[in-house]
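What follows is a set of notes on a single structure, which appears directly below.
FYI, it's all coordinate maths here, none of it is from the lab. These figures come from a predicted structure and were not determined experimentally. Note that each Cβ is placed from the backbone with ideal geometry, even for glycine, and that neighbours are counted across all protein chains shown.
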Amino acid sequence: MEFNSKLPNVKTTIFTIMSKLAKEHNAINLSQGFPDFDTDPKLIELVSNAMKDGYNQYAPMQGVFALREQVSEKFNNLYQSTYHPDTEITITSGATQAIFTIVSAFIHKDDEVIMFKPAYDCYEPAIDLHEGKPVYVQLEAPNFRINWNKVKQLINTKTKMIIINSPHNPSGTIWSKDDMLTLENIVKDTDIIVLSDEVYEHIIFDGKPHQSLCLFPYLKERSFIVASFGKTFHNTGWKIGYCVAPKALMHEFRKVHQFNVFCVNHPMQIAFAEYLKNENNYLSLNNFYQEKRDFFLNGIKNSRFKFIPSQGTYFQLLGYSAITDENDIEFAKRLVVEHQIATIPISVFNTEELDQKMLRFCFAKKEETLQKAIEILCEI
């Protein structure tokens, strides 16, 4: 057969490559972003009960209403911001599906989408598939702050969307209130849609607040917020998330959503609807993960790796320029083969694979896993 690939430049993801290498060499896997500890047994019990109670057929297309009510209440309690559970909230098959569906619903041929690099690798292929044009703003290591003058220069009549991500994967930085106000001023009185990837909203450190997009009225009226139960509740394999947006935008989203996945795992939605009633199940995450971050960083403080403590997410960037001048992909592969520790090179997320001599480590791991990793890193 002959055919033209719609994604001719897409290769096997770095996550698959590094995880495969880790398995082959029996390495500690701090590459892919998933915990190696168990989901709360209470949540598993709630899912099991929902199955026994008969919630095993199709859920409503928009999501179980009780769960949408809890999401609405969470926004109201945390941000004093209202989203109507009937018309402005949709449960999705993870955050990635939500992001893909948003792009599908709004991006046409030659529409421009501004995105900040390094960027999570699901954004760009979705834009390419719909014949949009990704427009990059490269963030500079080690602080990864935004050059807003550059952003302003890129805005034109073809700009249809801006994708933002805070807390930011892979850098672990967070957007400030000033960042959000600047963005709000840029898009005000335009037709630009903002897609805000906030899957790590409950994992922010050192007492800093999460500047959710919904806190800024002119942003909220033109924007989607995407979130993830999997990231929040240590069950990434369940692939359940949600998105919120004003009614008119959500109406367009659901047109695509219903033909993409139609609906999401029913018993798990029932379980999450009950589990969210206890706010401590997500409000305790900041301290939970900060302890892991601090344990990891304290352990490697005398190593040859350099770092600025992560402000959010469960990722930590380590600079290795004092160790070798190898490119980050080759160094990451050598760490697996020679030292049995797997990580993620950052260049794969950058414009033209810019090599900033940095690797991303996931610290959502048991203490004993982190201790083994610390010992390895301190020997390099």
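Here the gap between S5 and D36, fully extended at 0.36 nm per residue and compared with their Cα-Cα distance, gives a gain of 7.6 nm. Over the Cα atoms of region 318-369, the radius of gyration divided by the Kirkwood radius equals 0.99; this is the Rg/Rh ratio. By the rule of a C-alpha distance below 17 Å, with chain neighbours fewer than 8 residues away ignored, the aspartates and glutamates paired with K177 are D197, E198, E201, D206. If each Cα of region 1-159 is one equal point scatterer, what is log10 of I(q)/I(0) from the Debye formula at q = 0.12, 0.15, 0.18 Å⁻¹? Here the Debye-derived log intensity ratios amount to -0.92, -1.27, -1.31.
Full extension of the chain between R145 and C122 gives 6.1 nm of extra length, using 0.36 nm per residue less the Cα-Cα distance.
Each residue in M115, M358 was given a count of other beta-carbon atoms within 10 angstrom of its own, and listing them fewest first yields M115, M358. The calculated Kirkwood hydrodynamic radius for region 57-278 is 17.6 Å, given to one decimal from all distinct C-alpha pairs.
Checked against a 22 Å cut-off, the cross-linked pairs K74/K365; K306/K333; K333/K357; K6/K247 give Cα-Cα distances beyond that limit for K74/K365; K6/K247.
In the chain, the sites counted are GluC sites (Glu not before Pro) in DSSP loop states with at most 11 other Cβ atoms within 10 Å, and the longest stretch holding none of them, exclusive of the sites, is 141-380.
What the Cβ-Cβ distance of E375 and R304 gives, at R0 = 25 Å and to the nearest 0.05, is a FRET efficiency of 0.95. Between Q153 and E326, the FRET efficiency from the beta-carbon distance, with R0 = 22 Å, is close to 0.05.
Set the bar at 28 Å for Cα to Cα. Now go through K220/K366; K52/K292; K133/K188 and name every pair that lies beyond it. With Cα atoms farther than 28 Å apart: K220/K366; K52/K292. Which log10 I(q)/I(0) values does region 298-347 give at q = 0.14, 0.23, 0.28 Å⁻¹ under the Debye formula, counting every alpha carbon as one identical point scatterer? The Cα Debye sum returns log10 ratios of -0.37, -1.01, -1.31. Couplings 3J(HN,Hα) of region 336-346, computed from phi: 5, 5, 9, 10, 6, 9, 10, 9, 10, x, 7 Hz, in residue order, whole Hz [Karplus 6.51 cos²θ - 1.76 cosθ + 1.60, θ = phi - 60°; x for Gly and Pro]. Under 5 Å between amide hydrogens, built in the peptide plane, is the criterion, and for I28 it picks out I341, A342 among residues at least 5 positions away or on other chains.
A crude spin-label estimate for the pair E252 and L129, with each label 7 Å from Cα along the Cβ direction, gives 1.8 nm. Potential lengthening of the chain between E367 and N26 amounts to 120.9 nm, from the contour at 0.36 nm per residue minus the alpha-carbon distance. Annotation: region 223-358 has a Kirkwood hydrodynamic radius of 18.6 angstrom, from the mean reciprocal C-alpha pair distance.
The convex hull drawn around the Cα atoms of the chain, when projected onto a plane and averaged over every direction, covers 19.6 nm².
Coupling constants for region 162-174 follow from the phi torsions by the Karplus curve (6.51 cos²θ - 1.76 cosθ + 1.60, θ = phi - 60°), and in residue order they are 10, 9, 10, 8, 8, x, 9, 9, x, 6, x, 8, 10 Hz; glycine and proline get x. Report the calculated FRET efficiency for S48 and F288 (r = Cβ-Cβ distance, R0 = 25 Å), to the nearest 0.05. E(calc), rounded to 0.05, equals 0.55. Within the chain, DSSP assigns beta bridges of which about 45% are antiparallel (rounded to the nearest 5).
For the chain, averaging the sequence separation of C-alpha pairs within contact (under 8 Å, six or more residues apart) and dividing by the residue count gives a relative contact order of 26 percent.
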